[in-house]
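Read-outs: derived from the displayed coordinates by stated rules, not from any lab. Please read all numbers here as calculations on a predicted model, not as lab measurements. Here the Cβ positions follow ideal geometry from the backbone for every residue, glycine too, while neighbour counts run over all protein chains shown.
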Amino acid sequence: MPLTSMHEMLDNGDNIWVAPTDQVTPYLEVKFARNEFDRGSLKNALTARIGGKTIPIGPLELQIAYKLYLGAQKTSRMQSTSTRSSRKVLVCPASKSG
């Protein structure tokens, strides 16, 4: 993806997920700082070394808290979905007439 396209996506508020080819699991998320939490994360960043280069990453405590938050959101959505699905009408197969 060209760098100009990546900048345009970030400028539009989209995040860019980076993962090895043919893998779903993102290893890195790139985004512009949008709020006080993003700015606080960068202000208190750790330095990661990747392939001889350095990159700032959010403090591990914030990353763990964020993952727990995402997990809670996912659990909440799953419970909400299962509650809704239990209210669905049960459709029985039509009986065969002789």
| Low-density loop positions, trypsin sites (Lys or Arg not before Pro), segment 1-74 - DSSP coil, at most 14 other Cβ in 10 Å | Lys31, Arg34
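Assuming 0.36 nm per residue, please report the length gained on full extension of the stretch Met1 to Gln23 beyond their Cα-Cα distance.
Contour length minus the Cα-Cα distance gives 6.2 nm.
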